[in-house]
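Asker: The following block contains the structure, expressed as structure tokens.
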Amino acid sequence: MAHRVRRRTRWRWAARPGRRRTAADVLAWLSTTELSWRKNITHVAIDMSATYRASIRTGLPDAIIAVDHFHLVQLANKMLSTVRRRTTTELRGRRGRASDPEWKARRRLLHNREDLTGEQFASMWKALLDEAQIGQTLLTAWIAKESLRSLLALARTDADRNQVGHARWKLLTWCADSDIPEARRLAATIDRWWNEIAAFIDTGHSNAKSEGINRVIELTARNAFGFRNATSQRLRTRCVTTRRARRPLRTAQL
């Protein structure tokens with residue numbers, strides 16, 4: 001049975017005045033839970049927070065930590081955007097403008113390859129590669145991003161160790177040979193977190209549900225322009241995150 005630590009809801013508690021987001025805060029919260037509950041936790045899905053990884057290793061030493069794949073892809077997209085902005089500044093001597101092909105393609109570059117039609121893909125790269133060095137650099141960074149996605153796509157496919165190892169080798173080798181500092185940093189991060197990434201590929205566990213609930217909680221607080229009463233906030237949060245409130249019940253669910 002896999003348990004997901006609802007990390008974000010605990011952050012609300014840790015972010016109050018006088019509190020810090022530290023491993024000690026997580027361990028303090030874990031100490032308030034029942035021992036039988038902690039012993040039943042076999043897996044914990046988190047984003048790439050070294051603080052939470054350290055606290056889980058201490059407080060739940062038998063649990064396997066898996067990194068959520070959404071945050072990994074998000075990291076790769078940030079790398080690609082950083083490369084685009086830096087390359088534009090270095091080669092054009094200014095910030096990007098609406099007339100620049102790389103600025104026009106800034107959002108499409110972040111799309112998944114399979115979500116682009118053949119025409120969209122071809123037109124984007126034709127315009128970018130016409131810019132010579134800018135296009136070549138962006139293409140190299142984009143391939144690194146897609147290589148990471150291909151590696152993560154092996155989750156829930158019963159891929160053997162050879163398949164996973166080959167996909168990892170392709171990603172790290174491509175980034176190392178790219179001569180792009182941002183891509184090399186991405187590879188170094190993937191290497192540091194490899195045990196947790198491998199756990200995700202093996203198990204497919206994700207904290208997507210808790211992240212979705214956290215999004216609803218944050219939107220509720222934003223729509224209310226903040227809460228001053230903690231009891232009211234807890235009640236409102238409980239109401240908006242129930243299944244009945246989030247979507248209409250179907251007859252088959254009754």
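The values are calculated or read from the model by the stated rules, or taken from the named source; none is laboratory data. This one's a predicted model, so the numbers in the text were calculated from it and none came from an experiment. We place every Cβ from the backbone using ideal geometry, glycine too, and count neighbours over all the protein chains shown. Accessible surface is based on the protein model in full, side chains and every heavy atom, while ligands, DNA and RNA are left aside. Shrake-Rupley method; radii C 1.70, N 1.55, O 1.52, S 1.80 Å.
Asker: Evaluate the charge dipole of segment 118-254 about its Cα centre and quote only its size in Debye, nearest 20, assuming +1 on the Cβ of each Lys and Arg and -1 on the Cβ of each Asp and Glu. Each step should come with its number before you reach the end.
Answerer: Details: 22 positive and 14 negative charges, 289 e Å.
It comes to approximately 1380 debye.
Asker: Still on this structure, I have one more. At a Förster radius of 51 Å, what calculated FRET efficiency corresponds to the Cβ-Cβ distance of F225 and R161, to the nearest 0.05?
Answerer: Details: r = 52 Å, r/R0 = 1.02.
The pair F225/R161 has a calculated efficiency of 0.45.
Asker: Give me the percent of the accessible area of the chain that comes from carbon and sulfur atoms, probe 1.4 Å, all protein chains in place. Please report the intermediate quantities before stating the final value.
Answerer: Details: 7950 of 15810 Å².
Here carbon and sulfur together make up 50 percent of the probe-accessible area.
Asker: What accessible area, in Å² to the nearest ten, does a 1.4 Å probe give for S36?
Answerer: Number for this one is 70 Å².
Asker: What's the Cα-based Rg to Rh of the chain, Rh via Kirkwood?
Answerer: Details: Rg = 21.6 Å, Rh = 21.1 Å.
Computed over Cα atoms, the ratio is 1.03.
Asker: So what's the net charge close to I64: Lys and Arg +1, Asp and Glu -1, counting the other residues with Cβ under 9 Å from its Cβ? The partial results should precede the final answer.
Answerer: On the way: positive: none; negative: D62, E196, D202.
Around I64, the charge tally is -3.
Asker: Give the accessible surface of segment 32-142 per residue, rounded to a whole number of Å², with probe radius 1.4 Å and ligands, DNA and RNA excluded.
Answerer: On the way: 6130 Å² over 111 residues.
On a per-residue basis, 55 Å².
Asker: Please report, in debye to the nearest 20, how large the charge dipole of the chain is about its Cα centre when each Lys and Arg carries +1 at its beta carbon and each Asp and Glu carries -1 there.
Answerer: On the way: 49 positive and 24 negative charges, 347 e Å.
Here the size comes out at about 1660 debye.
Asker: Right, something else. How much solvent-accessible surface does H111 expose, in Å² to the nearest 10, with a 1.4 Å probe and all protein chains in place?
Answerer: 90 Å²
Asker: Taking springs between alpha-carbon atoms closer than 10 angstrom, which of F70, F121, F200 fluctuates most in the Gaussian network model of the chain?
Answerer: F121
Asker: Taking the convex hull of the alpha carbon atoms in segment 76-194, what volume per residue do you get, in Å³? The partial results should precede the final answer.
Answerer: Values: hull volume 12.6 nm³, N = 119.
Spelled out: Cα convex hull of segment 76-194, divided by residues, is 106 Å³.
Asker: What number comes out for the charge environment of A144, summing +1 per Lys or Arg and -1 per Asp or Glu over other residues with Cβ under 14 Å away? Before the final figure, lay out the partial values.
Answerer: Working: positive: K78, R84, R113, K145, R149, R168, K170, R184, R185; negative: E146, D177, D179, E182, D191.
Net of charged neighbours comes to +4.
Asker: In addition: Based on alpha-carbon centroids, what's the gap between segment 146-168 and segment 171-190 in Å, whole number please?
Answerer: Going from one Cα centre to the other spans 17 Å.
Asker: Using the Cα centre of the chain as origin and beta-carbon charges of +1 (Lys, Arg) and -1 (Asp, Glu), tell me which of A63, F200, L109 is placed farthest towards the positive end of the dipole.
Answerer: Looking along the dipole axis, the top candidate is A63.
Asker: When all protein chains stay in place, what accessible area (Å², nearest 10, 1.4 Å probe) is found for D179?
Answerer: Counting only protein heavy atoms, D179 exposes about 110 Å² to solvent.
Asker: Write down, largest first, the equivalent ellipsoid semi-axes of segment 39-86 in whole Å, where each equals the square root of 5 times an eigenvalue of the alpha-carbon gyration tensor.
Answerer: On the way: eigenvalues 181, 22, 4 Å².
Values for segment 39-86, descending: 30, 10, 5 Å.
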